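A short write-up of the structure that comes next.
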Amino acid sequence: MTTGVFPRDGWHYKPGSFSIMLRPMLNTLFAPRGVAVIGASRDATKLSYGVARNLIASGYAGAIHFVNPRANRIMGLPCYPSISSVPDPVDLAVIVIPAAQVPQSLEDCGRRGVRAAIIISGGFGETGAPGKRLERQIAEIARRWGLRLVGPNCIGVIDMHLPLNTTFIKSVPQAGDIAFVSQSGAICQAVIDWGAGMGFGFSRVASLGNQADVSESEVIAALADDPHTQVVTLYLEGVRDGQQFLHVVGAAARRKAVVALKVGRTTAGQRAVSSHTGALAGQETAYNAAFRRCGVLRASSTEELFDWARALAWCPPLRGDRVAVLTNAGGPGIIAADALESSSLRLATLSEETRATLRTFTLAHASLANPIDLLASAGPADYAAALRGLLADPDIDAVLVISVPPPIEDSTPVAEAIAQVGQGTDKPIVVAVMGEATVGAALHVLRAAHLPDYHFPERAASALAALHRHTQWQAQPPFTPAAFSDVKRAAAAQLLASAGERLISGPPATAILSEYGIYGPGEVLVTCADEAVDWADKFGYPVVLKVASPDIAHKSDIGGVALDLADAVSVRQAFQRVVEAARRARPDARIPGATMQQMIRHGQEVIIGVVRDAQFGPLAMFGAGGVEVEGMRDVAFGLAPLSRPEAEAMLDATFAGRRLRGYRNAPPADREAVVDALLRLAQFAADFPQVAEVEVNPLRVQRQGQGAVGVDVRIRLAGRTTETLAVS
């Protein structure tokens, strides 16, 4: 493989090497010494004319070459019949020709020594099977020549600080500090135009199209090195390599804020699952867990994406959650208070010194509680003095300023006062200027001062919450998975290999997990009623019987479980009952007998499990256990292996986890034992890629200090068919 070329499939991240190897490629893409437009046209209705026009109009200082065998000059610059006849320098080719001609054009670029190409042309993977074959062909040509591709089916890239514009769109963004990476060209075009109207600019814009070669992760890594970029925003329909994304984007988010709008939230298609974990986990669950792991803030709308981006780009870090609301109207202040609380922020308590400062210039009936209501008569001097006092209060971490247009005066002087006080502060200020028709000049003042403005308090509060989450994430130590030195990996591997079934349950499954320190009750496989009675006498009553079958996942659903059996008669009857129930429900199922366990009467029931996501790997789950887990959906997910803080956060995210600390008449349970079991299960799944799903349900948690017992364990290995694993 050519140095610096990354194959589409089978690529593996090597820590410490990726960013260094990327720099030459992305410098070629965003800062080439010369650009050739292949297919440049004199026809103003053609996309290739737009590319040529924008490249010249951008002010790009490098060499510009046009390739068109049927033209001598375009826009005053000479045309060349082929890329081979283009003079030096030429690092980047922008290809805007019919799809069928692109492979030969790429071959010519490779021979010419072109290092990168942007393929604007469509007609590739997005069109169906023939287009996919053509896309694979151009990717292979690029690999062979060591040439990096953006696209096909994209609109190009923009660098507003070089400057360079290889797109064909008419709207030109302002120069700014927000980068935008999109898998949709149309979204790029709309966002650029919208950003100009909203008063914020872009550092770089990259439309990636079909990503036949260059991926979103590679571009994000390069943007983390860009001194003009403060925030990276993403429009994602998916990621090409989940592990690459986790490593590369996680490193980038340590340096720059990364905000994503991930679309396509519904899970397409059906998967064969044999556990509640698999049924509850979906593609979006995995994306949410991945974003949390690598520090990506997930926005729910395009508007929210850039609401957050402006605060992240223009505000200092929000190191605490205490916010002061400064307003000239009571109603908007109440709206802000509600929005802050719903965003996991809280109203700051003003110090007595701050209150005394406010009393020196406010009217007697002004509200000096938080929200601070200066009343409708408040002018620029009032806002400036109040804002200055709030920023000086050590118990306030940020200020949300609300300005409702005053009945007589213009809003602009108030905005000027806010902007003047806000310069150089080390605390975030966000401003809600409520209105539209009469506040345009005020908004221009705030934007010029890089104070993020919003039409309503809810959006301002949401932006502060994003700023706080990012600050908290960056303050966390780098991810370190929990590891246990006492696990017996070789013994577990031997048991997995000898299991003989893809769906492992009962004593074999319990034995496998016991090698990782997750223990079940005493249990044994019994093949007849007499044997069941003999073992019940040895265990001591009460006992539990569960039908044993590698073909039946959820035994309680078919009447295959009998609990609290107190004597020999009930054991004998229960054995016949559970086996017959299983045979009626699944006549084709293999039923060697039943599993007997000691009955554990007490303890809270929770569930721990893992399901393997095709993109991001094993996904661990914790939640409320028992037979109603899917109905309750009181669950949380995280990528395996887990760190201890991640496991703790998963418990805190559910009522089941919070209840372990004690609830009403229930005493505290052994929460630490649950965290330990969850971490061990996550390590087990990470250690064995052949494990598709594993679930302990219920994990019965005893009182504090007394441990937790895995009552029912199921393990599914990869490769089982839908028919075999059908859930009864």
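The values are calculated or read from the model by the stated rules, or taken from the named source; none is laboratory data. Keep in mind that this is a model prediction, so the values were computed, not measured. Cβ atoms come from the backbone with ideal geometry, glycine included; neighbour counts cover every protein chain shown. When the accessible area is computed, the model is the full protein with side chains, heavy atoms only, and any ligands, DNA or RNA have been set aside. Shrake-Rupley method; radii C 1.70, N 1.55, O 1.52, S 1.80 Å.
Brief remarks follow.
One line per residue, one yes/no per condition, for (1) β-branched (Val, Ile, Thr); (2) touching an Asp or Glu at 6+ places or on another chain (Cβ under 8 Å); (3) within 20 Å of residue 201 (Cβ to Cβ):
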residue: 418; (1), (2), (3): yes, no, no
residue: 435; (1), (2), (3): no, no, no
residue: 441; (1), (2), (3): no, yes, yes
residue: 456; (1), (2), (3): no, no, no
residue: 484; (1), (2), (3): no, no, no
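- Residues of region 359-383 classified as surrounded by 20 or more Cβ atoms within 10 Å (Cβ to Cβ) and in a helix (DSSP H, G or I), total: 2
- Within region 67-83, if we keep just the residues that are in contact with a Cys (Cβ under 9 Å, 6 or more places away or on another chain) and open to solvent by 20 Å² or more (accessible area, probe 1.4 Å), the residue that is farthest from residue 35 (Cα to Cα) turns out to be 70.
- Region 411-428: number of residues that are open to solvent by 30 Å² or more (accessible area, probe 1.4 Å) and polar (S, T, N, Q): 3
- In this entry, residue 336 passes the filter for residues that are within 42 Å of the chain's Cα centre (by Cα), open to solvent by less than 10 Å² (accessible area, probe 1.4 Å) and not polar (S, T, N, Q).
- In the set 284, 303, only one residue is closer than 30 Å to residue 391 by Cβ and either at pLDDT below 95 or open to solvent by 20 Å² or more (accessible area, probe 1.4 Å) (or both); that residue is 303.
- The number of residues in region 692-714 that are over 17 Å from residue 544 (Cα atoms), in contact with a Phe, Trp or Tyr (Cβ under 9 Å, 6 or more places away or on another chain) and either hydroxyl-bearing (Ser, Thr, Tyr) or buried (at least 22 other Cβ atoms within 10 Å of the Cβ) (or both) comes to 2.
- Test: residue 89 is farther than 15 Å from residue 48 by Cα and either open to solvent by 30 Å² or more (accessible area, probe 1.4 Å) or in a loop (DSSP other than H, G, I, E, B) (or both): yes
- Given (1) more than 22 Å from residue 488 (Cα to Cα); (2) touching a residue at least 24 places away in the same chain (Cβ under 8 Å), number of the condition residue 618 does not satisfy: (1)
- Wholly within region 573-679, strands (runs of 3 or more DSSP E) carrying at least 2 residues that are within 19 Å of the chain's Cα centre (by Cα): 604-613, 617-624, 635-639
- Among residues of region 359-413, those that are over 27 Å from residue 318 (Cβ atoms) and either of a type in the set (S, T, N, Q) or touching a residue at least 24 places away in the same chain (Cβ under 8 Å) (or both), counted: 14
- The residue pairs whose first member lies in region 672-683 and is over 13 Å from residue 661 (Cβ atoms), whose second member is among the aromatic types (Phe, Trp, Tyr) and open to solvent by less than 10 Å² (accessible area, probe 1.4 Å), and whose beta carbons are closer than 9 Å, counting only pairs six or more residues apart or on different chains, are 678/622; 680/516; 681/516; 683/516.
- Out of 224, 196, 206, sole residue that is at pLDDT below 95, open to solvent by less than 40 Å² (accessible area, probe 1.4 Å) and out of contact with any Phe, Trp or Tyr (no Cβ under 6 Å at 6 or more places or on another chain): 224
- Strands (runs of 3 or more DSSP E) enclosed by region 164-260 - at least 3 residues per element that are free of Cβ contacts under 8 Å to residues at least 60 places away in the same chain and within 24 Å of residue 61 (Cα to Cα): 175-182, 202-207
- When residue 95 is tested against the conditions (1) closer than 21 Å to residue 184 by Cα; (2) among the β-branched types (Val, Ile, Thr); (3) in contact with a Gly (Cβ under 6 Å, 6 or more places away or on another chain), the lone failure is (3).
- In region 149-163, residue nearest to residue 217 (Cα to Cα) [restricted to those that are in a loop (DSSP other than H, G, I, E, B) and either open to solvent by less than 40 Å² (accessible area, probe 1.4 Å) or touching an Asp or Glu at 6+ places or on another chain (Cβ under 6 Å) (or both)]: 151
- Residue match in region 525-548 (condition: in contact (Cβ under 8 Å) with a residue 12 or more places away in the chain, charged (D, E, K, R), buried (at least 20 other Cβ atoms within 10 Å of the Cβ) and closer than 16 Å to residue 570 by Cβ): yes
- Among the residues listed as 118, 141, the single one being at pLDDT 95 or above and in a strand (DSSP E or B): 118
- The lone exception for residue 325 - which of (1) within 16 Å of residue 396 (Cα to Cα); (2) within 27 Å of the chain's Cα centre (by Cα) it fails: (2)
- Filtered residues of region 580-608 (kept if among the β-branched types (Val, Ile, Thr), surrounded by fewer than 21 Cβ atoms within 10 Å (Cβ to Cβ) and in contact (Cβ under 8 Å) with a residue 60 or more places away in the chain): 600
- Test: residue in region 470-489 that is open to solvent by less than 10 Å² (accessible area, probe 1.4 Å) and either over 33 Å from the mean Cα position of the chain (by Cα) or under 30 Å from residue 295 (Cα atoms) (or both): no
- Of 186, 221, all but one fail to be out of contact with any strand residue (DSSP E or B) (no Cβ under 7 Å at 6 or more places or on another chain) and either of a type in the set (S, T, N, Q) or over 20 Å from residue 153 (Cα atoms) (or both); the exception is 221.
- Residue match in region 429-437 (condition: surrounded by fewer than 21 Cβ atoms within 10 Å (Cβ to Cβ), over 32 Å from the mean Cα position of the chain (by Cα) and of a type in the set (D, E, K, R)): yes
- Subset tally (residues that are within 15 Å of residue 183 (Cβ to Cβ), in a helix (DSSP H, G or I) and modelled with pLDDT of 95 or more) for region 121-138: 1
- Filter pass, residue 460 being open to solvent by less than 60 Å² (accessible area, probe 1.4 Å), closer than 30 Å to residue 549 by Cα and part of a helix (DSSP H, G or I): no
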